[in-house]
Amino acid sequence: MTEVADLADRLRSFAAARGWERFHTPKNLLMALAGEVGELNAELQWLSEAEAEPRAWDDELRARVTDEVADVLIYLVRFADMCGIDMIDAAHAKIGRNETRYPPS
């Protein structure tokens, strides 16, 4: 199993143990994912370019950004799992199409 599949299994079990499956519809998961992307965006939104550079982050900002990245990944993996999408295969296919659309100069 891949790490993504392992994470999807863990998330499936987590939701089942709490009786949350009825809430984990593709629509609801997508809305939650969009919200989490917004929260990630908010962490850097009003910083200057220099302040937004990861090398400039203090421990508190790094921890908040890391948590938001985790939330985005969690909802994306759960959404893809509920929709029967293999994210790794989809990403490779998309990169292949982009290689054709945007050949190197």
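The values are calculated or read from the model by the stated rules, or taken from the named source; none is laboratory data. Since this is a predicted model, take the numbers as computed values, not measurements. Don't worry about glycine lacking a Cβ; one is built from the backbone with ideal geometry, like all the others, and counts go over all protein chains shown. Note: areas computed on protein heavy atoms with side chains; ligands, DNA, RNA excluded. Shrake-Rupley method; radii C 1.70, N 1.55, O 1.52, S 1.80 Å.
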Inset, instruction - For region 46-105, take the alpha-carbon Rg, divide it by the Kirkwood Rh, and send me Rg/Rh. - result: 1.15
Legend entry - Size of charge dipole - the chain - debye, nearest 20, with Cβ of Lys, Arg +1 and Asp, Glu -1, no other charges: 600 debye
Legend entry - Among 28, 74, 38 - extreme Cα towards positive end, dipole of the chain, charges at beta-carbon: 28
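What number comes out for the charge environment of residue 93, summing +1 per Lys or Arg and -1 per Asp or Glu over other residues with Cβ under 14 Å away?
Details: positive: 94, 97, 101; negative: 86, 89, 99.
Charge balance in the 14 Å sphere: 0.
Tell me, in nm to one decimal, what length is gained between residue 42 and residue 28 on full extension, where the rule is 0.36 nm per residue of separation less the Cα-Cα distance?
Working: separation 14, 0.36 × 14 = 5.04 nm, distance 2.11 nm.
So the extension gain works out to 2.9 nm.
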Legend entry - Alpha carbon convex hull of region 1-100, volume per residue in cubic angstrom: 149 Å³
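What is the gain in length, in nm to one decimal, between residue 61 and residue 99 on full extension, counting 0.36 nm per residue of separation less the C-alpha to C-alpha distance? The partial results should precede the final answer.
Working: separation 38, 0.36 × 38 = 13.68 nm, distance 3.52 nm.
Residue separation times 0.36 nm, minus the Cα-Cα distance, leaves 10.2 nm.
What 222 nm value per residue comes from the helices of the chain, counting each DSSP H run with n ≥ 4 as -39,500 (n - 2.57) and dividing by all residues, nearest 500 deg cm²/dmol?
Working: 5 runs with 78 residues, N = 105.
When only DSSP H runs of four or more count, the value is -24500 deg cm²/dmol.
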Legend entry - Cleavage-rule hits, chymotrypsin sites (Phe, Trp or Tyr not before Pro), region 1-92, DSSP coil, Cβ neighbours within 10 Å at most 15: 20, 46
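Using a 1.4 Å probe over the heavy atoms of the protein chains, calculate the carbon and sulfur portion of the accessible area of the chain as a whole percent. Can you show the working numbers first?
Working: 4640 of 7850 Å².
On the chain, the fraction of accessible area on carbon and sulfur atoms equals 59 percent.
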